[in-house]
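The structure under discussion appears below in the form of structure tokens.
Since every read-out is calculated from the coordinates, none of them should be taken as a lab result. In this text, all values refer to a predicted model and were calculated from it rather than measured experimentally. Backbone-built Cβ (ideal geometry, glycine too); neighbour counts: all protein chains shown.
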Amino acid sequence: MLDFSAKSLKEIYPILKQSVSTLNGGDRLYFTVANPDADDSLYAGELIKNQIYRSFRSWSDLANLLNCRLIVSSLNCDDNKIVLVFEKLRDNSFHQDSSDDITEKYGVNSQFFRINKSEEPSFYIYYIEALKHIYIEQRYNILGLGINRGDEFEMIADILPSDRLKEISFVGVEYSKSALSEAKKRLKHLNFEALEADISNLVDMDIGRFDMLVSIGTLQSPKINMKTTVMYIVQELLQKRSAIVLGFPNCRWIDGEMIYGARVPNYSFSELSAVIKDIHWIKKYLQQHKFRVMITGREYLFLSAVR
């Protein structure tokens, strides 16, 4: 068994990278490390009993970067060391899904539909903060683009009192018929209207005006002209005193894990140029239209704006 209890990261990383590269999905690599619970006042790299300290967070980040999940083994060493496990993720992702019916790529039978973003802290917490930034308690007409099963609406409902929810109308646009059907069931306690339509055809839809828009992970779809869509939303779908929450994925979903960093062709690592360029353009455009803009997040980057 590998022993990393007294090795530096520059020694550990190439060994783990090489070892993980030989694993198949589901295979496990066991190794010993300095017990992260031995002292909670240390910084990574400091010595404790001739061993190099690292927190569980450090090991979890390293596992994430190597496309593994971190597991704490039931095997015991002693009070100074513990056994950790890196399990290689299976090549199993909705990003690779294909369907004869393109509208059902994200439907109830897809891997994407299994994703519950509201149970991922780095999504949930930043999304809730974005809602607070745009004064969600002051909104009355909310439009959601690409709502799938309605997670974003459900999280709004969770943080508002029931009497206030009665005053809000929710309109959700989604092109997956099966996902939209599920959203209707989950959101039946809300004043919710479901529209089965393709977001790329917004111009052809007569859906009125709203004082809030929320759209997570949809505007960068290859079939959507992002700039044209954003301009149409601001000019034709939003009221004078309105707000926007947009979410941009900076992650991939692999074997049930949310892995930091979006990937682009020909790169083996995260490359942020495209998403930063898109967010910068939207921010600048919204500021020209008197919006106050804030950008937060990590695995999902949230642009929240209020006018």
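Per-structure values
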| read-out | value |
| --- | --- |
| The stretch 267-307: chymotrypsin sites (Phe, Trp or Tyr not before Pro) falling in loop per DSSP and having at most 12 other Cβ within 10 Å | Tyr267, Phe269 |
| Coil-residue chymotrypsin sites (Phe, Trp or Tyr not before Pro) of the stretch 79-179, DSSP, other Cβ within 10 Å capped at 13 | Tyr135, Tyr140 |
| Alpha-carbon centroid distance for the pair the stretch 195-239 / the stretch 41-60, whole angstrom | 48 Å |
| Out-of-range pairs (alpha-carbon distance over 19 Å; input Lys105/Lys227; Lys227/Lys277; Lys132/Lys177) | Lys105/Lys227; Lys132/Lys177 |
| Neighbour-count ranking [beta-carbon atoms within 10 angstrom, fewest first] of Leu219, Leu9 | Leu9, Leu219 |
| Cα Rg, Dmax (largest Cα-Cα span) when computed across the stretch 128-182, Å | 11.6, 32 |
| Relative contact order (%) - the stretch 185-307, alpha-carbon pairs under 8 angstrom, separation at least six | 23 percent |
| Neighbour-count ranking [beta-carbon atoms within 10 angstrom, fewest first] of Lys105, Lys290, Lys10 | Lys10, Lys290, Lys105 |
| At 1.306 mPa s and 10 °C, Stokes D of the stretch 2-88 from Kirkwood alpha-carbon radius, µm² per second | 122 µm²/s |
| Candidates Lys240, Lys88, Lys49, ranked by Gaussian network fluctuation over the chain, Cα under 10 Å, top entry | Lys49 |
| Rounded to 10°, Cα long-axis angle of helix 273-288 versus longest principal axis of the chain | 40 degrees |
| Relative exposure of Asp158, Asp78, judged by other C-beta atoms within 10 Å (fewest first) | Asp78, Asp158 |
| Choice from Ser268, Ser60, Ser169 with maximal GNM fluctuation in the chain (Cα, 10 Å cutoff) | Ser268 |
| Answer label for mean projected area of the Cα convex hull in nm² (calculated), chosen among [x] 18.5; [y] 17.2; [z] 20.5 | [x] |
| Environment charge of Asp151, counting only residues whose C-beta is closer than 10 Å and scoring Lys/Arg +1, Asp/Glu -1 | 0 |
| Mean separation of Cα contacts under 8 Å, 6 or more apart, over the residue count of the stretch 252-296: relative contact order % | 18 percent |
| Taking the chain and dividing mean pair separation by its residue count, relative contact order in percent (alpha carbons under 8 Å, at least six apart) | 15 percent |
| Helix axis angle, 177-186 relative to the chain longest principal axis, alpha carbon, degrees | 90 degrees |
| Helix 121-133 vs. the chain, principal-axis angle (Cα, 0 to 90°, nearest 10) | 40 degrees |
| Beta bridges per DSSP with both ends in the stretch 140-283, % antiparallel, nearest 5 | 15 percent |
| Within the chain, percent of DSSP bridges classed antiparallel, to nearest 5 | 60 percent |
